[in-house]
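Visitor: Before anything else, here's the structure in question.
A short reminder: the numbers here are calculations on the coordinates, not readings from a lab. Everything quoted here is computed from the prediction, not taken from an experiment. Please note: Cβ atoms are built from the backbone with ideal geometry, for glycine as well, and neighbour counts cover all protein chains shown.
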Amino acid sequence: MGSEKGGWPRLFGTDGVRGEANVELTPELAMRLGWAAVMVLAGENPRPRLLLGKDTRLSGDMLEGALVAGICSAGGDVELLGVIPTPAVAHLTRTRKVDAGVVISASHNPARDNGIKFFHRDGYKLPDALEREMERLVAGVETQAKPRGDQVGCCRPAVGAEEEYLEHLLSVAQPDLSGIKVVVDCAHGASYRVAPELLRRLGARVISLHVEPDGLNINRECGSTHCKALQRKVVEEGALLGLAFDGDADRLIAVDEEGKLADGDHIMAICAVRMKEEGTLRENSVVATVMSNLGFHLAMRREGIRVHQTAVGDRYVLEKMLEGGFNLGGEQSGHIIFLDHSTTGDGLVTAIKLLEAVRESGEKLSSLSKLVVKVPQLLVNVRVRDKESWSERKTLLSALRAWEERLGDRGRVLLRPSGTEPVLRVMVEAVDGELAERAARELAALVEREMG
């Protein structure tokens, strides 16, 4: 949530509305968002239908009740999906032909936070224009007319949603995992039932970690941002590999049989090469953000695959994919979009595509991951007075250009303002690790002097 835009508060960030539950993200705000969603997303439907899912956070029930009240007060009917992955809501919104989907989740954030994100009837996240319209309505909701009496909406549980989503996943690919050990870390989150069940249906011997949500332990030292327990377990069990999801299961980080991490860059590269070999990689291209490692770019160049780069955020990846007609894109964090199968990042689709690549190649994940040799990367965060003004600093721009020339095609420099803090991020990559460190330290010191 941010500053005023156009005379009303800015609520939506790059991934919905987020904040500390019952502090910034209150039931009152959730109710208004539910009401505004019906007003904006229902179109001409006099009795709109919405789907509502959530992750395992304690505050999910509170916000669910408030959203239901807002939706019904606007004359919308809402079906409750319960605890279910975010990408399942996107999929079901489209296949069940409802007017909108809503998810209560703060993804990989700690349990104290929560968020609300919306999907349009086509299963895609909302464009900026619709989010701005919802913000306008939320700011002035008290002045709007509301349905009366028998015109209000109703709420009911959704039937068969999880099974329908599982069937969709099995239609994407069915790698033979008969008797194969796979360790899965569900982060005490939304995938705690569906991910182990998916692997069991593929024949795997499943070892499940962090599948006992209590409302407060989601993402706590587990999942895609904390993989140490998974790494140990994979080696201890002699498993084929490990899979780590985040709290709402739209991200995946993998662990190879040696206990080493395979992040989004590794997974995208493995799948891009496989899709190219199959002839299914559209435009012979993949979309990645500016945070993808230089090693990923070098690997794709060797394989003859073009990389199209975007700002950080899956919504920007998706925009570029739709604009260019591409079908694979994602982030180093493991948020990967297979557009032939999903309208958003889906950790379970990613898992099943990775498993397919491993099993059909006959190689271990450790071997396939060698495709991407990570280049040393240094990230320095510098607190500044005005994070947006860096591009106007001539001394800083001159130093940036000088380092870009010195590194050439064996390195790169990126300055990027944080989306949530008064911080400018200085990121340097170079094949020469010592040179990368020197560049990062010099540029960070200059930012400190000029802007700190």
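Visitor: Considering Cα pairs under 8 angstrom that are at least six residues apart, work out the relative contact order of the chain and quote it in whole percent. Please list the in-between numbers first.
Guide: On the way: 999 pairs, mean separation 54.6, N = 452.
After rounding, I find 12 percent.
Visitor: Starting with the highest mean, order 378-390, 180-192 by the number of other Cβ atoms within 10 Å, averaged over the residues of each peptide. Don't skip to the answer; put the middle values down first.
Guide: On the way: 378-390: 15.5, 180-192: 27.7.
So the order, starting with the most tightly packed, is 180-192, 378-390.
Visitor: Here's another thing I want to ask about it. Within the set of other residues whose C-beta is less than 12 Å from the C-beta of ARG49, count the net charge using Lys and Arg as +1 and Asp and Glu as -1.
Guide: After counting each charged neighbour, the total is +2.
Visitor: Measuring from the lowest to the highest alpha carbon on each principal axis, how far does segment 1-86 reach, largest first, in angstroms?
Guide: Computed over the Cα atoms, the extents are 34, 32, 21 Å.
Visitor: Another question, then. For ASP409, put the label point 7 Å out on the Cα→Cβ axis and report which residues of segment 424-438 keep their amide N under 18 Å from it.
Guide: Those under the cut-off are 429-432.
Visitor: Take every Cα pair under 8 Å in segment 324-452 that's 6+ residues apart, average their separations, divide by the length, and report that relative contact order as a whole percent.
Guide: Answer for segment 324-452 is 23 percent.
Visitor: Quickly rank 356-367, 268-279 as a protection proxy: mean count of other C-beta atoms within 10 Å, highest first. Spell out each step's value before the answer.
Guide: On the way: 356-367: 16.3, 268-279: 19.5.
Descending mean neighbour count gives 268-279, 356-367.
Visitor: Between ARG401 and ARG10, how high is the FRET efficiency from 1/(1 + (r/R0)^6) when r is the Cβ-Cβ distance and R₀ = 30 Å? Nearest 0.05.
Guide: Details: r = 33 Å, r/R0 = 1.11.
According to the calculation, E is roughly 0.35.
Visitor: If you don't mind, another one. Run through the DSSP bridge list for the chain and note the antiparallel percent, rounded to the nearest 5. Write down the numbers at each step before the final one.
Guide: Working: 36 of 68 bridges.
If we restrict to bridges inside the chain, about 55 percent are antiparallel.
Visitor: Still on this structure, I have one more. Whose amide H sits under 5 Å from the amide H of ASP185, counting only residues 5 or more places off or on another chain, with H placed in the peptide plane?
Guide: Answer set, sorted by chain and number: LEU209, LEU243, ALA244, PHE245.
Visitor: Using Cα pairs closer than 8 Å and at least 6 residues apart in sequence, work out the relative contact order for segment 115-209, in percent.
Guide: Numbers: 60 pairs, mean separation 20.7, N = 95.
About 22 percent, as a whole number.
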